[in-house]
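A.B. asks: Supplied in structure tokens, the structure appears directly below.
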Amino acid sequence: MLLPEKIHKAVLVGTSRSAIHPQQDELSSASELDSLLRDAAMPNLRLWQTIAANDLWLRAGYTPGLWSDASTEKMALVSASKNDEIEHCPLAAQELLHLILRDIHAELLAQWLQHAHARNATLPARFLVPLLNKADKDLSMQKLLKPLLGARGHWLVQQHPEWRTQYSLDSDKHESDEALTEQWHLASSQQREEILRILRVRNPQNARELLQQDWANESPENRATLLACLNIELSITDEDFLERALEDKRKEVRTVAQELLRRLPDSQLVQRCQERLSHIFSIEKSTGINAALGSFLAKLGANNVQASLQIKLPESVDKSMKRDGIGLQSYPGLGEKASWLRDLMRSTPAQHWVTTWQLTPSQILQLLSQHEFKDALLQGLLSSITEQATDTTADPTLADCYADWIALLIEHISKDKIHVDLNLIHALVRRLRNLAPAMQDKLLIACMDNYSRQDLHILYAWSQLQSAASEHATPVSQVLSQAWLQHVQRQIAQSKQTAWDLRQHLKQIAYWLDVSDLSYTTQSWPADDWEHWSFWREAVHEFRDTFQFRHQLKHSFMETSI
């Protein structure tokens with residue numbers, strides 16, 4: 001609790017040495033406080049009653065009248081925020097937030113805040129302090145709260161030193177570059193990161209130069225965090241600075257620099273890796289009966305490639321390769337040299353092979369799949385695509401190319417043609433956002449049709465769509481939601497009694513399936529006499545309860561009652 005200076009002094013030294021008088025009270029005029037404390041004749045009782053009044057007024061955002069000239073401005077600020085709250089936050093939504101803060105579906109708080117943001121709502125006054133306290137040290141929640149604070153909330157955070165620091169950048173997007181640059185030199189690490197992100201959007205070159213000026217004085221931890229901000233509006237003009245960062249003493253900084261340079265197809269790092277692979281790879285065309293068979297199949301419309309890939313790896317990794325991030329880590333299921341190959345493929349854009357080998361993406365996958373190093377080759381190719389596909393929004397042609405690659409890889413994974421770790425599958429699924437919504441649905445539904453029980457771990461990868469849905473407060477489509485739930489229901493009916501992984505997945509999908517229609521969640525469950533209901537009944541009831549609550553949450557913001 002924050003106390004005015006005179007009240008704080010009285011608490012520390014006692015009322016006998018620092019008496020509280022209405023005329024000196026920083027909280028209120030004599031009439032305001034006396035009307036509340038007419039029975040508080042004892043000084044110590046008056047002190048505690050004053051503290052209680054201070055707490056209530058602070059929570060309500062009320063500014064007492066003793067502040068005279070400033071009072072008019074502050075009360076106008078509060079009145080404006082009060083009108084915003086009445087207009088924008090329906091009572092039904094407020095009641096659901098009250099339940100969430102009482103730990104009834106507490107995990108849906110982020111979704112409530114996202115719906116409020118979509119509605120252009122302002123947080124009701126009674127929830128400001130609980131939410132600000134809850135968001136303490138939670139950066140993701142602070143970002144959700146910032147646009148919802150309203151005039152009252154912005155006034156309130158100025159009364160609390162930590163809140164003032166956490167939310168001080170809330171208006172920086174409206175400040176000039178010069179003002180932000182001045183703040184940069186005095187800001188905390190967290191604030192510097194936010195300032196750099198804002199400046200990168202406005203003027204990438206000036207933001208990079210600002211970082212370069214203080215680079216030598218930054219702590220190793222800050223260097224890695226701030227360097228990662230260059231992923232915003234990343235371009236070839238950043239290359240020289242990133243190349244110098246490859247020489248940094250800290251591995252974390254070098255890793256960030258390598259990742260950013262790999263995203264630049266024309267960077268020196270990418271060119272060096274392409275040159276290395278040109279000496280490692282050679283294409284041997286089919287001859288004799290194999291060539292004749294390939295020609296015959298081609299005439300029948302087959303897309304077979306009439307060649308084989310030959311690979312000759314180096315005996316060791318030299319210093320320049322390590323500088324570019326080659327051979328610095330091992331991967332499950334891959335030997336030492338196979339890991340080098342994976343790193344080199346990761347650093348080479350997929351379209352390079354289309355141009356160099358004059359093959360289609362489907363033929364390239366076929367060529368790589370035939371080699372004994374296929375796992376390393378395909379994993380490296382997949383890594384390259386998941387990183388490069390993030391930078392295709394400005395080039396529709398390139399976006400279409402990567403859409404073809406993503407579609408082919410998902411098809412191969414779903415048919416168990418590529419053995420990759422779960423992190424890579426997660427990364428690939430996140431790239432689905434680069435595709436048209438209808439294509440996303442088509443690919444995922446096709447994958448579900450190809451699943452076997454042993455492929456269940458892949459199903460968890462598709463749960464990464466939850467992050468996309470949560471970020472924008474929009475669930476996956478209704479078509480995909482229904483197909484997804486029906487697939488899970490089929491898996492449940494075929495499962496053994498102790499299918500803990502599938503039960504956990506059922507719990508997860510309740511948070512991001514489309515909730516426009518409740519009817520499809522009541523259909524297609526096993527019959528009442530199913531022998532495994534004792535294991536599944538609680539999980540199914542929990543799923544439907546969460547789904548129902550989200551349905552109410554969505555519709556509560558559509559109401560006009562206030």
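The values are calculated or read from the model by the stated rules, or taken from the named source; none is laboratory data. These numbers were taken from a predicted model, which means no experiment stands behind them. As a convention, Cβ positions derive from the backbone with ideal geometry for all residues, glycine included, and neighbour counts pool all protein chains shown. Note: accessible area is taken over every heavy atom of the protein model, side chains too, but ligands, DNA and RNA are not part of it. Shrake-Rupley method; radii C 1.70, N 1.55, O 1.52, S 1.80 Å.
A.B. asks: Share of region 97-147's accessible area from carbon and sulfur, percent, 1.4 Å?
C.D. replies: Numbers: 1240 of 2370 Å².
It is 52 percent, rounded to a whole number.
A.B. asks: Please compare each pair in K249/K319; K137/K249; K285/K312 to a cut-off of 25 Å on the Cα-Cα distance and tell me which ones are over it.
C.D. replies: Violating the 25 Å Cα-Cα cut-off are K137/K249.
A.B. asks: Okay, moving on. Filter the cross-link list K251/K507; K143/K251; K146/K554; K143/K507; K251/K374 down to pairs whose alpha-carbon distance in this structure exceeds 32 Å.
C.D. replies: On the way: K251/K507 38 Å; K143/K251 29 Å; K146/K554 21 Å; K143/K507 26 Å; K251/K374 29 Å.
Among K251/K507; K143/K251; K146/K554; K143/K507; K251/K374, the Cα-Cα distance tops 32 Å for K251/K507.
A.B. asks: At 20 °C and 1.002 mPa s, what whole-number value in µm²/s does Stokes-Einstein give for the translational diffusion of region 182-230, with Rh from the Kirkwood sum over Cα pairs? Spell out each step's value before the answer.
C.D. replies: Details: Rh = 10.6 Å.
Translational D for this selection: 203 µm²/s.
A.B. asks: HN-Hα J couplings of region 377-387 from phi, Karplus 6.51/-1.76/1.60, θ = phi - 60°, integer Hz, Gly and Pro as x?
C.D. replies: 5, 6, 5, x, 4, 4, 4, 4, 5, 5, 7
A.B. asks: Return the sequence-ordered ³J(HN,Hα) values of region 240-256 in whole Hz as given by the Karplus equation 6.51 cos²θ - 1.76 cosθ + 1.60 applied to θ = phi - 60°, using x for Gly and Pro.
C.D. replies: 4, 5, 5, 4, 5, 5, 5, 9, 4, 6, 8, 4, 4, 5, 4, 4, 4
A.B. asks: Please work out the average accessible area per residue across region 110-260, using the 1.4 Å probe convention, and give it in Å².
C.D. replies: Values: 7250 Å² over 151 residues.
That works out to 48 Å² for each residue.
A.B. asks: Further, regarding this structure: Once the principal axes of the Cα atoms of region 176-261 are found, what is the range along each, listed largest first in whole angstroms?
C.D. replies: Its Cα atoms span 33, 25, 17 Å along the three principal axes.
A.B. asks: For A118 and K251, calculate 0.36 nm times their separation in residues minus their Cα-Cα distance, and state this gained length in nm to one decimal.
C.D. replies: Details: separation 133, 0.36 × 133 = 47.88 nm, distance 4.06 nm.
Result for the pair: 43.8 nm of gain on full extension.
A.B. asks: Oh, and also: Would you please put 310-322, 250-262 in order of how densely packed they are, using the mean number of other Cβ atoms within 10 angstrom per residue and starting with the highest? Show your work: numbers first, answer last.
C.D. replies: Values: 310-322: 11.7, 250-262: 20.2.
Descending packing order for the listed peptides: 250-262, 310-322.
A.B. asks: Ok, one more. For region 205-222, take each phi angle, set θ = phi - 60°, evaluate the Karplus expression 6.51 cos²θ - 1.76 cosθ + 1.60, and give the result in whole Hz per residue in order, putting x for glycine and proline.
C.D. replies: Values, residue by residue: 5, 4, 5, 5, 5, 4, 5, 5, 4, 9, 4, 5, 8, 6, 5, x, 5, 5 Hz.
A.B. asks: For the pair Q159 and L101, what calculated FRET efficiency results from E = 1/(1 + (r/R0)^6), where r is the Cβ-Cβ distance and R0 = 22 Å, to the nearest 0.05? Spell out each step's value before the answer.
C.D. replies: Numbers: r = 21 Å, r/R0 = 0.96.
Here the calculated transfer efficiency is 0.55.
A.B. asks: Multiply the residue separation of Q366 and S188 by 0.36 nm, subtract the distance between their alpha-carbon atoms, and state the gained length in nm to one decimal. Spell out each step's value before the answer.
C.D. replies: Working: separation 178, 0.36 × 178 = 64.08 nm, distance 5.19 nm.
Computed gain between Q366 and S188 is 58.9 nm.
A.B. asks: Please report the net charge: other residues with Cβ closer than 12 Å to the Cβ of Q508, K and R +1, D and E -1. Show your work: numbers first, answer last.
C.D. replies: On the way: positive: R503, K507; negative: E107, D501, E542.
Summing Lys and Arg as +1 and Asp and Glu as -1 gives -1.
A.B. asks: Quick one: length gained pulling D529 to Q268 fully straight, 0.36 nm per residue minus the C-alpha distance?
C.D. replies: On the way: separation 261, 0.36 × 261 = 93.96 nm, distance 6.56 nm.
Length gained, D529 through Q268: 87.4 nm.
A.B. asks: What FRET efficiency would be calculated for the residue pair D55, R544, taking the C-beta separation as r and a Förster radius of 35 Å, to the nearest 0.05? Could you put the intermediate results ahead of the total?
C.D. replies: Working: r = 41 Å, r/R0 = 1.17.
Working from the Cβ atoms, E equals 0.30.
A.B. asks: Another question, then. Over region 113-209, what number does the Rg to Rh ratio reach, with both radii from the alpha-carbon atoms and Rh per Kirkwood?
C.D. replies: Working: Rg = 14.3 Å, Rh = 14.3 Å.
Ratio value, two decimals: 1.00.
A.B. asks: Taking amide H positions as placed in the peptide plane 1.01 Å from N, state which residues far from A307 in sequence (5 or more) or on other chains have amide H under 5 Å from it.
C.D. replies: It is S286, by chain and number.
A.B. asks: With Cβ to Cβ distances under 13 Å as the rule, what net charge do the other residues near E162 carry (K, R +1; D, E -1)? List each step's numbers first, then the result.
C.D. replies: Values: positive: K137, R164; negative: D136, D138.
Net charge around E162: 0.
A.B. asks: Counting only protein chains, not ligands or nucleic acids, how are D177, D324 ordered by accessible area (probe 1.4 Å), most first? List each step's numbers first, then the result.
C.D. replies: Working: D177 50, D324 0 Å².
From most exposed to least exposed: D177, D324.
A.B. asks: Compute the signed sum of charges (Lys and Arg +1, Asp and Glu -1) over the other residues within less than 12 Å, Cβ to Cβ, of Q212.
C.D. replies: Values: positive: R208, R223, R244; negative: E209, D214, E218, D238, D240.
Overall, the nearby charge balance is -2.
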